[in-house]
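What follows is a short report on a single structure.
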Amino acid sequence: MTRHLENADGQGQILIGERLSPVAYQVSVEEIDGRYQASVSLHAPRDWLLKQGFKSRATLILANGDRTDVGHDGPVDIGDNVSVILSGAPQSFDDQASLVEKFPELKLGEA
């Protein structure tokens, strides 16, 4: 059984080539059969991505300093929407402690 638990916003940095830039990202968490699955995404301006030399993959540095790959469904070009969504592969966790360690912006269980 799948149950949506939380959406949270985080502040990190995106690494494209050798350039770091601040970026806001979103984390979405679901509980699936007693395990946790987190998905990360962010929105970035198409023209800014092109100016940075972005093709289809980048590295997102999370609030806790960990890195995760994010990407677009193929190369970004002038024909894409002005706001491009970059997303990472879903990440699985056995318990809430390891999930919150990876994504400290989550407030699971807090009142």
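Which length gain, in nm to one decimal place, applies between Lys55 and His43 when the Cα-Cα distance is subtracted from 0.36 nm times their residue separation?
Between Lys55 and His43, full extension yields an extra 2.8 nm.
Carbon and sulfur atoms: what percent of the 1.4 Å accessible area of region 18-87 do they account for?
47
Please compute, over every Cα-Cα pair in the chain, the percentage with a separation greater than 18 angstrom.
Pairs farther apart than 18 Å: 49 percent.
Counting helices only, and only those DSSP H runs with n ≥ 4, report the 222 nm mean residue ellipticity of the chain as the sum of -39,500 (n - 2.57) divided by its residues, in deg cm²/dmol to the nearest 500.
Details: 2 runs with 14 residues, N = 111.
Taken over the chain, the calculation gives -3000 deg cm²/dmol.
So for each of 91-97, 75-81 I average, over its residues, the number of other beta carbons within 10 Å; can you give me the resulting order with the highest mean first? Can you show the working numbers first?
Details: 91-97: 12.9, 75-81: 11.3.
Going by the mean number of other Cβ atoms within 10 Å, highest first, we get 91-97, 75-81.
Roughly how many debye, to the nearest 20, is the charge dipole of the chain about its Cα centre, given +1 on each Lys and Arg Cβ, -1 on each Asp and Glu Cβ, and no other charges?
Charge dipole, the chain, about its Cα centre: 400 debye, nearest 20.
What is the extension gain from Asp33 to Asp9, computed as 0.36 nm multiplied by their sequence separation minus the C-alpha to C-alpha distance, in nm to one decimal?
6.2 nm
Compute the Rg/Rh shape ratio of region 19-60: radius of gyration over Kirkwood radius, all on alpha-carbon atoms.
Answer for region 19-60: 1.13.
Which GluC sites (Glu not before Pro) in region 1-57 sit in a loop by DSSP (not H, G, I, E or B) and have at most 15 other Cβ atoms within 10 Å of their own Cβ?
Listed in order of number, the matching sites are Glu18.
At 25 °C and 0.890 mPa s, grab the translational diffusion coefficient of region 63-111 from Stokes-Einstein with a Kirkwood Rh over Cα pairs, rounded to a whole number in µm² per second.
Rounded, D is 181 µm²/s.
The values are calculated or read from the model by the stated rules, or taken from the named source; none is laboratory data. All figures in this text were calculated on a predicted structure; none of them were measured in a lab. For neighbour counting, all protein chains shown are included, and Cβ atoms are generated from backbone atoms with ideal geometry for every residue, glycine included. The area values use the complete protein model at the heavy-atom level, side chains included, leaving out ligands, DNA and RNA. Shrake-Rupley method; radii C 1.70, N 1.55, O 1.52, S 1.80 Å.
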